[in-house]
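I'd like to ask some things about the structure below.
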Amino acid sequence: MTESSTAGTGIPSAYVRDKRTPPPSSDELRARIPGWGVDLNPADRPSYPKLQYPADTGAHWDFPERQPEKWPRERSIEHAFVTPVFGTAQPPHGLSGVIRRYSYARFSEGRLAHWLLLVAADRVDSAEHRVRSFASGRPDVPATGLRSEFTRGGLRSRRGRSDARHHLLDPVVVAGPWVAVAGAAVMGIRRLTRR
Amino acid sequence: MRAMVYRGPYKIRVEEKPMPALEHPNDAIVRVTLAAICGSDLHLYHGMMPDTRIGHTFGHEFIGVVEQIGSSVQNLQVGDRVMVPFNIFCGSCWFCARGLFSNCHNVNPNATAVGGIYGYSHTTGGYDGGQAEFVRVPFADVGPVRIPDWMHDEDAVLLTDAAATGYFGAQLGEIVEGDTVTVLGAGPVGLIAAQSAWLMGAGRVIVVDHLQERLEKARTMAYAETLNYDEYDDVVVELKKRTDYLGADVVIEAVGAEADGNLTQQITGPKLKLQGGSATALNWAIDGVRKGGTVSVVGAYGPIPNAVKFGDALNKGLTLRMNQTPVKRQWPRMFEHVRNGYLTPRDMITHRFPLEQIPEAYHVFSSKLDGCIKPLVVPGAG
């Protein structure tokens with residue numbers, strides 16, 4: 001369906017005062033679409049107006065009791081203090097932990113350096129765990145879930161899709177760091193053995 | 001317990017982890033019975049969200065049974081079947097008091113710009129998520145709700161994020177009767193946004209994607225016109241042609257930081273990480289909406305900057321509205337719509353994976369294999 005240029009002039013709606021092709025009538029839409037118009041009134045939608053005060057949130061405190069800190073919890077310096085409740089999933093550790101703590105202590109969220117340091121810490125964290133995984137006897141693999149390429153129609157599913165072009169880059173993105181590290185290791189060993 | 005664990009970009013596996021513990025008097029521990037993988041989990045999976053630590057368990061869409069409660073919990077009991085909003089929120093801070101549950105200030109020490117989210121890196125508070133057998137649920141008196149007896153579990157799990165976000169996205173569009181609404185992305189959020197646009201009185205709904213099975217779902221589930229951008233040299237021009245050169249009154253951006261459709265954005269964003277992501281859909285929204293129109297953004301973006309055409313938004317006089325969804329605020333009305341059959345979240349589910357097969361589930365969903373639109377994860381199955 002197209003809101004075609006109309007009224008016999010050939011001039012599209014954008015160039016004149018009114019839409020030349022009105023939308024279907026509400027009766028027609030109600031008949032075709034289940035529930036059409038049940039939320040028609042903008043003043044009666046759950047998130048309108050924006051600053052509507054909820055009657056009861058379930059909270060029975062003015063300020064929540066504080067969760068105990070088991071280690072000095074890193075926090076954004078845009079906060080006045082560590083929030084009363086927080087996640088304890090993966091405490092900072094190792095070199096990546098040093099970078100994370102520095103990023104939180106030194107830079108606010110408004111500084112790109114804060115986020116780039118955290119991304120750098122993520123990569124260091126990944127490398128630290130990779131080394132540890134080799135030692136543990138359960139080494140990480142470069143990518144997971146690849147079996148589904150064969151069981152779930154990897155080629156068939158991508159046929160004719162424009163995003164297949166950049167999927168070709170995924171192996172490069174995933175394997176690139178491994179190849180670089182392997183290359184560096186080989187060069188290093190060769191240099192040592194030549195001495 | 002068994003849990004999905006992040007091991008680095010493109011690498012996840014299932015491991016034994018310690019059981020979560022009650023760490024605050026208003027915590028609960030929930031045994032997860034059903035979880036889902038969200039499109040935004042893929043940003044974590046691809047290593048795009050800063051402070052995603054090795055060992056993190058993802059998952060912010062889940063339902064389950066209350067296993068344990070803290071000493072101050074009044075509204076839940078052990079054994080209750082609950083659905084848990086993806087937001088972690090206190091219910092009492094300046095923002096929660098105004099209904100902005102997704103912007104809670106008392107749950108995320110790592111950042112002030114975003115509230116708390118389960119399993120979504122330390123940038124959103126450092127909470128492990130629900131793609132596991134058990135999960136810690138803070139503020140148990142505030143977030144979780146008992147699942148109504150009549151509600152299907154698969155609808156309940158989708159109402160914890162994807163469906164609520166689609167409905168919220170349509171509200172942000174400030175749709176008025178007769179509006180032409182374009183929805184970018186026919187994924188789980190976009191499909192519900194398209195259904196919701198009709199409820200708010202849209203006169204036309206056009207859904208844009210490039211995956212045939214998703215466009216077909218947009219036609220059958222959401223009664224929408226569809227546009228496959230792979231078939232056009234320039235999708236914005238096609239959108240203008242279809243709207244008599246006006247542009248849509250409202251565009252809902254339901255894609256987020258890894259949008260396809262522009263190879264340069266894909267390579268500089270998701271692949272090389274030279275920017276926060278690929279802002280292709282957001283740019284199409286800005287260019288595809290009419291002057292003076294509204295762009296609603298519910299696709300997920302992280303804190304690192306993106307190449308966005310802000311000048312076009314200024315010069316067109318657009319209203320840009322966006323937020324993470326305050327999920328629980330949507331529920332009473334959405335429950336009615338689901339019960340009446342106006343919103344049909346579980347129609348979008350295409351795959352169900354046992355937790356032990358979650359590496360395959362992520363790869364299938366990420367690469368859009370096998371017609372995957374929405375995968376669920378079932379702990380304890382298979």
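Read the figures in this text as sums done on the coordinates, not as results from a lab. Just so it is clear, the structure is predicted and the values come from calculations on it, not from any experiment. Methodologically, a virtual Cβ is constructed for each residue, glycine included, from the backbone with ideal geometry; neighbour enumeration extends over all protein chains shown.
Using the crude model of +1 on Lys and Arg Cβ and -1 on Asp and Glu Cβ, and no other charge, please compute the dipole size for chain B relative to its Cα centre, in debye to 20. Provide the component values of the computation, followed by the final result.
Numbers: 33 positive and 41 negative charges, 106 e Å.
My answer is approximately 520 debye.
What residues have an amide H closer than 5 Å to that of B:Q68, excluding those fewer than 5 places away on the same chain, when H is modeled at 1.01 Å from N in the peptide plane?
It is B:I29, by chain and number.
Separate question: Taking neighbour Cβ counts within 10 Å as the exposure measure, how do B:E216, B:E133 sort from fewest upward?
Details: B:E216 13, B:E133 19.
Ordered from fewest to most neighbouring Cβ atoms within 10 Å, B:E216, B:E133 come out as B:E216, B:E133.
Using 0.36 nm per residue, how much length does the chain from B:A97 to B:E336 gain when fully extended, once their Cα-Cα distance is taken away?
Working: separation 239, 0.36 × 239 = 86.04 nm, distance 2.45 nm.
Working it through step by step, the gained length comes to 83.6 nm.
Could you check the simple spin-label distance between B:D230 and A:R30, using points 7 Å along Cα→Cβ, in nm with one decimal?
Result: 4.1 nm between the two label points.
What is the order of B:K217, B:K240, A:K50, B:K316, fewest Cβ neighbours within 10 Å to most? Could the numbers behind the result be given before it?
Values: B:K217 27, B:K240 19, A:K50 11, B:K316 16.
Final ranking by Cβ density, sparse to dense: A:K50, B:K316, B:K240, B:K217.
While we're here: Only Cα pairs under 8 Å and at least 6 apart count here; give the relative contact order of the range A:96-135 as a rounded whole percent. Display every interim value, and only then the final one.
Numbers: 22 pairs, mean separation 16.0, N = 40.
The value is 40 percent.
Sticking with this one: Straight-line reach only, C-alpha to C-alpha below 21 angstrom: list the lysines that B:K17 could link to, leaving out same-chain residues fewer than 8 apart.
List returned: A:K70.
Take B:M151 and B:V378, extend 7 Å from each Cα along the Cα→Cβ direction, and tell me the distance between the two endpoints in nm.
2.1
Right, another one. In this model, which of B:K241/B:K374; B:K241/B:K316; A:K19/B:K217; B:K217/B:K374 are farther than 20 Å apart at the alpha-carbon? Please report the intermediate quantities before stating the final value.
Details: B:K241/B:K374 32 Å; B:K241/B:K316 18 Å; A:K19/B:K217 30 Å; B:K217/B:K374 12 Å.
Violating the 20 Å limit, Cα to Cα: B:K241/B:K374; A:K19/B:K217.
Which order results if A:E78, B:E238 are arranged by neighbouring Cβ count within 10 Å, fewest first? Spell out each step's value before the answer.
Details: A:E78 11, B:E238 18.
Neighbour counts put them in this order, fewest first: A:E78, B:E238.
Still on this model: Please give the calculated 222 nm ellipticity per residue for the protein assembly as shown, where each DSSP H segment of at least 4 residues contributes -39500 (n - 2.57) and the sum is spread over every residue; nearest 500 deg cm²/dmol?
Numbers: 18 runs with 179 residues, N = 577.
Mean residue ellipticity at 222 nm (helix-derived): -9000 deg cm²/dmol.
Taking a ≥ b ≥ c as the square roots of the eigenvalues of the Cα gyration tensor of chain B, is the shape rounded (a/c under 1.5), prolate (a/b larger than b/c) or oblate?
Numbers: a/c = 1.63, a/b = 1.49, b/c = 1.10.
Because a/c hits 1.5 or more and a/b exceeds b/c, chain B counts as prolate.
While we're here: Evaluated at 10 °C with a viscosity of 1.306 mPa s, what Stokes-Einstein diffusion coefficient in µm²/s does the protein assembly as shown have when Rh comes from the Kirkwood expression over alpha-carbon pairs?
Working: Rh = 24.4 Å.
Approximately 65 µm²/s, per Stokes-Einstein.
Further, regarding this structure: Length gain on complete extension for the stretch A:A113 to A:F150, per 0.36 nm per residue less the alpha carbon to alpha carbon distance?
Values: separation 37, 0.36 × 37 = 13.32 nm, distance 4.16 nm.
Length difference between fully extended and current span is 9.2 nm.
What FRET efficiency, computed as 1/(1 + (r/R0)^6) with R0 = 41 Å and r the Cβ-Cβ distance, is obtained for B:E23 and A:R17, rounded to the nearest 0.05? Spell out each step's value before the answer.
Working: r = 62 Å, r/R0 = 1.52.
Efficiency, from the Cβ-Cβ distance: 0.10.
Right, next: Could you work out the Rg to Rh ratio of the range B:163-322, with Rh taken as the Kirkwood radius (inverse of the mean 1/r over all Cα pairs)?
Details: Rg = 14.2 Å, Rh = 15.1 Å.
For the range B:163-322, the value is 0.94.
Turning to a different aspect of this structure: Springs between alpha-carbon atoms under 10 Å, Gaussian network over chain B: tell me which of B:G115, B:G299, B:G55 tops the mean-square fluctuations.
Maximum among the listed residues: B:G55.
Oh, and also: If the viscosity is 0.890 mPa s and the temperature 25 °C, what translational diffusion coefficient in µm²/s does Stokes-Einstein give for the range A:96-135 when Rh comes from Kirkwood over Cα pairs?
Numbers: Rh = 10.5 Å.
In µm²/s, the coefficient rounds to 234.
Pull up the cross-link candidates among the aspartates and glutamates for B:K240, meaning alpha carbon to alpha carbon under 17 Å and not fewer than 8 places away within one chain.
Cross-link targets: A:E3, A:D18, B:D179, B:D209, B:E225, B:D230, B:E231, B:D249, B:E253, B:D287, B:D312.
Beyond 29 Å, what share of the Cα-Cα pairs of chain A is found? Please give it as a whole percent. Before the final figure, lay out the partial values.
Numbers: 12495 of 18915 pairs.
Result: 66 percent of Cα pairs exceed 29 Å.
Lys and Arg at +1, Asp and Glu at -1: add these up for the other residues within a Cβ distance under 10 Å of B:P345 and post the number.
Numbers: positive: B:R346, B:K374; negative: B:E154, B:D155, B:D347.
Spelling it out: positives minus negatives among the neighbours equals -1.
Next question. So if R0 is 25 Å, what FRET efficiency would A:A175 and B:I267 give, r being the distance between their Cβ atoms, rounded to the nearest 0.05? Provide the component values of the computation, followed by the final result.
Details: r = 17 Å, r/R0 = 0.66.
Working from the Cβ atoms, E equals 0.90.
While we're looking at this one, here's another question. Can you give me the Cα centroid spacing of the range B:62-126 and the range B:134-203 in angstrom?
18
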